[in-house]
1. What translational D, rounded to a whole number of µm²/s, comes out for the range 3-115 from Stokes-Einstein when the hydrodynamic radius is the Kirkwood one over Cα pairs, at 25 °C and 0.890 mPa s?
2. Normalising by the residue count of the chain, find the relative contact order in percent from Cα pairs under 8 Å and 6+ residues apart.
3. Sort out for me the Cα centre separation of the range 21-86 from the range 89-116, rounded to whole Å.
4. Kindly rank 67-75, 21-29 from highest to lowest mean number of other beta carbons found within 10 Å of each residue.
5. Helix by helix through the chain, keep the DSSP H runs that span 24 Å or more along the axis on Cα and average at least -1.0 on Kyte-Doolittle, and give those back in order.
Amino acid sequence: MSRQASGILAWLAQRLTAVYLAVFITYLFIKFTFDAPVDYLALRAWVAQPVVTAALLLFFPIVLFHAWVGIRDVFLDYVQIVGLRVILLALVAFTFLASGLWGFKAIVIAIIKAGS
């Protein structure tokens, strides 16, 4: 794949993930502004709804992928020392992986506790 095609794919990925994030965050804003759960148990029950669960499980990898593409592009453009760039990208990748696993765990625990 050429460098130009790679840039177009990164641009397209940024735009597609941004659309999902904008729609989902707008939904969350409206939900919590006008119909916020009254307590923690209500929040867990809301998270356990299949559509909300699916949307949240999609949200974490999408937000992390969106951030990855942006950070990667910034590092490719502004960090000229290749070794430093690789180290920075590895640190960011590890942080994003850990964050994604933590988010997945939080959603799964909320679903399990809502069912019990």
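We did not get these values from a lab; they are worked out from the coordinates using the rules stated. None of the values given here were measured: they were computed from a predicted structure. FYI the Cβ positions are ideal-geometry reconstructions off the backbone, even for glycines, and counts take in every protein chain you see.
1. Working: Rh = 16.1 Å.
Estimated via Stokes-Einstein, D reaches 153 µm²/s.
2. Numbers: 54 pairs, mean separation 43.4, N = 116.
Normalised by residue count, the contact order of the chain is 37 percent.
3. Value for the Cα centre distance between the two parts: 11 Å.
4. On the way: 67-75: 15.2, 21-29: 12.1.
In descending order of packing, they fall as 67-75, 21-29.
5. On the way: long enough: 3-34 (46 Å, 1.08); 50-78 (42 Å, 1.53); 82-115 (49 Å, 1.91).
Sorted by number, the helices that extend far enough and score high enough are 3-34, 50-78, 82-115.
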